[in-house]
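Enquirer: My questions all concern the structure below.
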Amino acid sequence: MALNIQDVTKFYGSNKVLDQVNLTMQKGEFIALLGPSGSGKTTLLRIIAGLQFADGGLLSFDGEDITGTEARLRRFGMVFQSYALFEHMTVAENVAFGLKMRPRATRPARAEIGSRVQALLEMGEIGQLADRYPSQLSGGQRQRVALARALAIEPRLLLLDEPFSALDTKVRKGLRGALRDLQKRVGIGAILVTHDQEEAFEIADRIAIMADGRIEQFDKPENILKAPATPFVAEFLEGLGAWQNAGAGI
Amino acid sequence: MTAATVTHAPLHPQIAAFHRRQRLKRLALILSAAAFALLVMGLPVIAIVARAFQEGLAVYAANIVEPDTLHAIGLTVLTALIVLPINIVYGIAVAWAITRFRFPGRRILLTIIELPFSISPIVAGLCYLLIYGATGLVGSWLDGWNVQLMFNLTGIVLVSLFVTCPFVARELIPLMQVSGRDQEEAALTLGASGWQTFRHVTLHNIRWALLYGAILANARVMGEFGAVSVVSGNIRGETMTLPLQVQLLYDDYNATGAFAAATVLTLIAVITLVLRSLIEARHPHAS
Ligand SMILES: Nc1ncnc2c1ncn2[C@@H]1O[C@H](COP(=O)(O)OP(=O)(O)OP(=O)(O)O)[C@@H](O)[C@H]1O
Ligand SMILES: [Mg+2]
């Protein structure tokens, strides 16, 4: 068991946006948080990242209680919806950032950082873009840089907030496959936030369907399709019929 | 294809007439704007320089190196050197607090930091005298410890801080509001500490706005008259900043000396203007 979320609750003022969320994730598993807009997906992901803190509940990773651990100490790689690339740094500098910020004792030597960055860029098929600035990249390329940057810190967990939402359908499908391959190759767990059913069903080992700050169902894609746990899930997945008939993995 | 090979159809007479009228209107507007600028802003500057050099370069130079004037220049520069760093740190801190945190009183703080802009500097000076002067609330207590805040450099620095503290903050706040937390949060998840995040991410995004605000604040510190004149005590050769010195020389019927000193202030203004437009041209979002 890698990540364990236990009764996490979050309020904005008097508005309860997460209501006793429970979620357990296995090592190396790919999980999708799927739900309509405003259901609390981003909030949950940010709480996992340590960018926000829950008002109640517990978070643990590999048995270690991380409920109150700062984001910078969690070593969870995060890909933001806006990518949040450092605009004043080149692609290579962006990817190297996490390694350069390490305290001297654990920081790799300069040459070592350089070769690791190059390897990551090659892995993301953006090796030739190393010296460009983010403003000179396409959306898909930016997304790859953001992913390489998150992976550079050798994260214990990968968090992705709608990483494909700004891209067109074709690019999106290509990147989806690339992300899945990369995640399996690196062998780390990943949590993907999305409101695109097709995306979730194609990429994830298990899907958590969220509505109004609660997890309605958390199961393998085929089980969810076979037996929707609540009327909400059944209704929410209605649009997926076409995907199912065409066969998974178009 | 080159431009020369492009042939235009003859312009419709109505359109041609329209263009003529447009050109005329534009010319009239530009001319009146230029004339106004020349009259209101250009002529005075020319007059200062002309008057300062009226009796020749030697007299001008002698007036500038006059010990009291030199001292005033030194005092003005010293004041700026003390006030600017404080202003920059204060500006960043306030902008950070306002744009990165939600706390009770945030709106009030946002209003209060603009206060120095809406208070007449002379009133500000009087307030400081009332509080920090030897008979004032804080001043009389400090007097018991033999500490005097007014009628010296400390007083000048204090009121200069007051009149210029909004400059940096008000440049940074709108910028930091739009540039958002995204990049900073990304840095945190990558393992950067708060200070590293500030140094490597935030500072880069705000540096031009910061410089812009600092330049405006500097111009104001060096040019401030009202507030400083109240708290400086006008001690000749001691607490006279450059603007005060100009006034003093003029009152002493030393017009050439006054205008010579004024050229230094004018020079600062021109440099400020040039730096400002350079920053605005290169980094339009800085202001
Ligand atoms: N900073 C905030 N202050 C107040 N309410 C907030 C804040 N951020 C989010 N909320 C509220 O919390 C709820 C959940 O928001 P969240 O961003 O987690 O939804 P989401 O599932 O990610 O939606 P989307 O698919 O649109 O990104 C929403 O009702 C939203 O209005
Ligand atoms: Mg969201």
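The values are calculated or read from the model by the stated rules, or taken from the named source; none is laboratory data. Just so you know, these numbers come straight off a predicted model, no measurement behind them. We place every Cβ from the backbone using ideal geometry, glycine too, and count neighbours over all the protein chains shown. Just the protein is used for accessible areas: all its heavy atoms, side chains included, with ligands, DNA and RNA removed. Shrake-Rupley method; radii C 1.70, N 1.55, O 1.52, S 1.80 Å.
Enquirer: Please compute the Kirkwood hydrodynamic radius over the range B:56-286, one decimal place, Å, based on all pairs of different Cα atoms.
Expert: Averaging 1/r across every pair of different Cα atoms and inverting gives 19.5 Å.
Enquirer: Kindly state, to the nearest 0.05, the FRET efficiency for A:Leu58 paired with B:Ile112, given R0 = 45 Å and r defined as their beta-carbon distance.
Expert: Taking R0 as 45 Å, the efficiency between A:Leu58 and B:Ile112 is 0.65.
Enquirer: Please state, to two decimals, what the Cα-based radius of gyration of chain A comes to when divided by 2.2 N^0.38 Å (N = residues).
Expert: The reported ratio for this selection is 1.02.
Enquirer: Compute the accessible area of each residue in the range B:184-198 twice, once for its chain alone and once with every protein chain present, using a 1.4 Å probe on heavy atoms, and list those whose area falls by at least 50 Å².
Expert: B:Glu185, B:Thr189, B:Leu190
Enquirer: Based on C-alpha coordinates, I'd like the Rg and Dmax of the range B:136-178, in Å.
Expert: 15.9, 49
Enquirer: Could you work out the relative contact order of the range B:182-244? I mean the mean sequence separation of Cα pairs under 8 Å and 6+ apart, divided by the number of residues, in percent. Write down the numbers at each step before the final one.
Expert: On the way: 22 pairs, mean separation 14.0, N = 63.
Relative contact order for the range B:182-244 comes out at 22 percent.
Enquirer: Ok, one more. Let me know the whole percent of all Cα-Cα pairs from the range B:66-120 that are separated by more than 16 Å. Could the numbers behind the result be given before it?
Expert: Details: 904 of 1485 pairs.
Every Cα pair in the range B:66-120 considered, those over 16 Å come to 61 percent.
Enquirer: What lysines could a cross-link reach from A:Lys220, if we take a straight Cα to Cα line under 21 Å and drop same-chain neighbours fewer than 8 places away?
Expert: Straight-line reach from A:Lys220, under 21 Å: A:Lys27, A:Lys41, A:Lys173, A:Lys184.
Enquirer: Taking the alpha-carbon set of the range B:180-287, what are its Rg and Dmax in Å?
Expert: 20.7, 67
Enquirer: Then there's this: Along the charge dipole of chain B, Cβ charges K/R +1 and D/E -1, which of B:Leu216, B:Ala124, B:Pro10 sits furthest on the positive end?
Expert: B:Pro10
Enquirer: While we're here: Tell me, what is the percent relative contact order of chain A, built from C-alpha pairs under 8 Å that lie six or more residues apart?
Expert: On the way: 442 pairs, mean separation 66.1, N = 250.
Computed over chain A, the figure is 26 percent.
Enquirer: How about the range A:122-158: which of its residues lose at least 10 Å² of accessible area in the presence of all protein chains relative to their chain isolated, using a 1.4 Å probe?
Expert: Going by heavy-atom accessible area, the residues of the range A:122-158 that drop by at least 10 Å² are A:Arg149, A:Ile153.
Enquirer: Mind pulling up the Rg/Rh value for the protein assembly as shown? Radius of gyration and Kirkwood radius, both on Cα. Mind showing how you got there, number by number?
Expert: Values: Rg = 32.1 Å, Rh = 28.7 Å.
Using only Cα positions, Rg/Rh for the protein assembly as shown is 1.12.
Enquirer: Can I ask one more? Does any residue of the range A:66-83 lose at least 40 Å² of accessible area with all protein chains in place compared with its chain alone, and if so which ones (probe 1.4 Å)?
Expert: SASA drop of 40 Å² or more in the range A:66-83: A:Arg72, A:Phe80.
Enquirer: Using the Karplus curve 6.51 cos²θ - 1.76 cosθ + 1.60 with θ = phi - 60°, what ³J(HN,Hα) values do you get for each residue of the range A:40-57, in whole Hz, with x for Gly and Pro?
Expert: Result, ordered by residue: x, 5, 4, 4, 4, 5, 5, 5, 5, 6, x, 7, 9, 10, 6, 8, x, x Hz.
Enquirer: For a test of the definition: using alpha carbon positions, the gyration tensor, and the 1.5 limit on a/c, classify the range B:1-129 as rounded, prolate or oblate.
Expert: Oblate, because a/c is 1.5 or more while a/b does not exceed b/c.
Enquirer: Here's another thing I want to ask about it. Per residue, how much accessible surface does chain A expose to a 1.4 Å probe? Answer in Å², no decimals.
Expert: Accessible area per residue, chain A: 44 Å².
Enquirer: Taking each pair of distinct Cα atoms in the range A:1-88 once, what is the resulting Kirkwood hydrodynamic radius in Å?
Expert: Kirkwood hydrodynamic radius for the range A:1-88: 13.9 Å.
Enquirer: Okay, next question. When the accessible area of the range B:125-207 is split by element with a 1.4 Å probe, what percent falls to carbon and sulfur?
Expert: Here carbon and sulfur together make up 63 percent of the probe-accessible area.
Enquirer: On a 1.4 Å probe surface of the protein chains, which of A:Asp196, A:Asp131 comes out largest in accessible area, and what is the full order?
Expert: On the way: A:Asp196 35, A:Asp131 130 Å².
The ordering from most to least exposed comes out as A:Asp131, A:Asp196.
Enquirer: Determine, at each q value in 0.12, 0.13, 0.17, 0.28 (inverse angstroms), the log₁₀ of I(q)/I(0) that the Debye formula gives when each Cα of the range A:83-154 is one equal point scatterer.
Expert: -0.27, -0.31, -0.53, -1.34
Enquirer: Another question about this same structure. At a probe of 1.4 Å, how much accessible area disappears from chains B and A on forming the pair, both sides counted, to the nearest 100 Å²?
Expert: Values: alone 17010 and 11770 Å², together 27140 Å².
Chains B and A together bury approximately 1600 Å².
Enquirer: Kindly provide the Kirkwood hydrodynamic radius of the range B:150-225 in Å, to one decimal, from all pairs of distinct alpha carbon atoms.
Expert: 14.2
Enquirer: Given H placed on each backbone N at 1.01 Å, which residues far from A:Gln20 in sequence or on other chains put an amide H within less than 5 Å of it?
Expert: Here A:Thr9, A:Lys10 satisfy the definition.
Enquirer: Seen from all sides and averaged, what is the projected area of the convex hull of the Cα atoms in the range A:102-250, in nm²?
Expert: Details: hull surface 43.9 nm².
Taking a quarter of the hull surface, the average projection is 11.0 nm².
Enquirer: Further question: What are the ³J(HN,Hα) couplings of the range B:233-238, residue after residue, when phi is run through the Karplus curve with 6.51, -1.76, 1.60 and θ = phi - 60°? Round to Hz, x for glycine and proline.
Expert: Result, ordered by residue: x, 6, 8, 4, x, 10 Hz.
Enquirer: Next up: Over chain B, what relative contact order in percent results from Cα pairs under 8 Å that are six or more residues apart?
Expert: Numbers: 307 pairs, mean separation 80.1, N = 287.
The normalised contact order for chain B reaches 28 percent.
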